[in-house]
Structures are given as structure tokens and as C-alpha cells.
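Shown next, in C-alpha cells, is the structure this report addresses.
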Amino acid sequence: KFRTLQGAVNSIPRFLNGKVVNIHVWGNMTGNVSFNYFVGGRIFVYLHGCTVYGSLNFYHNSAAIFIYGGADTSDTTKATIHPSTGVDAGSRTCSIYSNVSRYVGIYNLNVWASDNQVGSLTGHKVGVTSHGGNFTYCSNINVVNCNVGFRSYSGAHMHVNTSSGIASVYGFEAVTGGRISFANSSQSGGTTAATHVDSGGQILKNSCTFA
């Protein structure tokens, strides 16, 4: 047993050799959590409806990493990610940030904006960010108090199965070659606009419904 989620993550060998690692979180925890340089396997984190008072940061992983809000892959109980200080990425303040990682899957989460700004841009608190050749899969994600709910940039791809909540600016933003695709389901929205693209970004949608 570990007192922090980061302590459990730090105990995992970086080279997984095809193995599967399961981490179960049984109580609320405080502290930012980073998954960096994991290779050759899969990591599953089950949050059991708890709150992580910190950000999630995924960097340069070829191992697949899955974060579930409930007790197993079929449990739709939502856990909460609520950082005090998020990740500074592209001058934005991000609550969940993934960069150059092969597959990051997040399921059944309430994602709060960071309480404090760390990026240089004011009014740019982002719930979930995918960056730089990364792939992020999102399912049943509710964004809370965010300026932008979901952001993909610099060639990253994000697929959103289902989402909820209304961001104060954009629900979804794809810029500088970033892509966001959707399942044909209910999705988050934004007060200014549900979606925004710039500098070669792409929003790929058929018949989803935005809040």
C-alpha cells in the first residue's frame, strides 16, 4: 500500500515487459500525479469514486494507460480530478494533460479546472488536453468550471465518446493540426461556442449533440 497515487506510480518499473499493472485508490488523495516514460505494457488505475486533488500528467509513454472512475472497467461511478495547480502546457493551465503518449484512456471522471493559474494566459483553464502526436480517449467526462473543456493541438488526436458540462468559452478546441473526433452521442458545450478550430485544427463530427 502507498500513501499517495504518485508513490504507487513511482514503484512501477518503467519497462513493463508486456505486463499489466492494476492500481486501486481507496481514499481521497492530494498531489499532482505524473506518468512518464512507461514502455511495453498496460497500466490501469481504478479510483473507486474518490477525489484526486491534483492534476494528471502523461508524458512520453508507449505503454497504454487507463484511468477509471469506478472500481472496475464496467463501473460507471465517477471519480473527481480537482487540481490546486494544474499543468502548464502551451501557456494554458491544464487539469489532465497528455503529451507524446501512445494511448491514454480516461473514463467516468468529473474534471475540475485548476484552482490556480500556472500558465501565462489568464482565462485559459482547460479540462483535458492532448498534445504532440498523442492519442487520448475520453468517455463519460464531465468538465466543471473550465474555460475550455477539451483541447487538442500540435498534431494530437482526441476521441470523445461521451461528455457533459458547459465550459465558459469553448467546449472543444482543436488547433495547430490537432484533431477531435466524436461518437454520435451527447457532448459537452461552451458558452461562446461548442467547438473552435484554428491553424489547421479539425473537429470531426457527424450527428453528436452539444450541450
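The values are calculated or read from the model by the stated rules, or taken from the named source; none is laboratory data. Small disclaimer: the values here were computed from a predicted structure and weren't measured. FYI the Cβ positions are ideal-geometry reconstructions off the backbone, even for glycines, and counts take in every protein chain you see. Accessible surface areas use protein heavy atoms only, side chains included; no ligands, DNA or RNA. Shrake-Rupley method; radii C 1.70, N 1.55, O 1.52, S 1.80 Å.
Right, S62: modelled with pLDDT of 95 or more, surrounded by fewer than 21 Cβ atoms within 10 Å (Cβ to Cβ) and in contact with an Asp or Glu (Cβ under 6 Å, 6 or more places away or on another chain) or not? Break it down into steps so the answer makes sense when it comes.
Working: modelled with pLDDT of 95 or more: yes; surrounded by fewer than 21 Cβ atoms within 10 Å (Cβ to Cβ): yes; in contact with an Asp or Glu (Cβ under 6 Å, 6 or more places away or on another chain): no.
Criteria not met by S62.
For the range 51-59, indicate whether the set of residues that are of a type outside the set (S, T, N, Q), in contact (Cβ under 8 Å) with a residue 12 or more places away in the chain, under 28 Å from S199 (Cα atoms) and open to solvent by less than 20 Å² (accessible area, probe 1.4 Å) is non-empty.
Pass one, the range 51-59, residues of a type outside the set (S, T, N, Q): 52-54, 56, 58-59.
When the remaining residues are screened for being in contact (Cβ under 8 Å) with a residue 12 or more places away in the chain, the result is 52-54, 56, 58-59.
Next, only the ones that are under 28 Å from S199 (Cα atoms) stay: 56, 58-59.
In the following step, the residues that additionally are open to solvent by less than 20 Å² (accessible area, probe 1.4 Å) were identified as 56, 58.
Within the range 51-59, one or more residues are of a type outside the set (S, T, N, Q), in contact (Cβ under 8 Å) with a residue 12 or more places away in the chain, under 28 Å from S199 (Cα atoms) and open to solvent by less than 20 Å² (accessible area, probe 1.4 Å).
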Output for the range 149-205, where each listed residue is among the hydrophobic types (A, V, I, L, M, F, W, C), closer than 14 Å to V126 by Cβ, over 16 Å from the mean Cα position of the chain (by Cα) and assigned to a strand (DSSP E or B): V175
Members of the range 1-44 that are part of a helix (DSSP H, G or I) and either open to solvent by less than 70 Å² (accessible area, probe 1.4 Å) or aromatic (F, W, Y) (or both): L5, Q6, G7, A8, V9
Lone unmet requirement of (1) within 23 Å of V197 (Cβ to Cβ); (2) at pLDDT 95 or above; (3) surrounded by fewer than 24 Cβ atoms within 10 Å (Cβ to Cβ) for W112: (1)
Within the range 115-146, tally of residues that are outside any strand (DSSP E or B) and surrounded by fewer than 24 Cβ atoms within 10 Å (Cβ to Cβ): 12
Every pair of residues 6+ apart whose Cβ atoms lie under 8 Å, when the first sits in the range 4-17 and is farther than 15 Å from M29 by Cβ while the second is among the small types (G, A, S) and surrounded by 16 or more Cβ atoms within 10 Å (Cβ to Cβ): L16/G41; L16/A63; N17/G41
Tally, over the range 163-202, of residues that are touching a His at 6+ places or on another chain (Cβ under 9 Å) and open to solvent by less than 30 Å² (accessible area, probe 1.4 Å): 11
Top-ranked residue in the range 79-101 [being surrounded by fewer than 17 Cβ atoms within 10 Å (Cβ to Cβ) and not in a strand (DSSP E or B); ranked as nearest to the chain's Cα centre (by Cα)]: V100
Long-range neighbours under 8 Å by Cβ, at least six apart or interchain, first residue over 12 Å from T129 (Cβ atoms) and without any contact (Cβ under 8 Å) to a residue 40 or more places away in the chain within the range 87-115, second aromatic (F, W, Y) and in a strand (DSSP E or B): Y103/F135; Y103/Y137
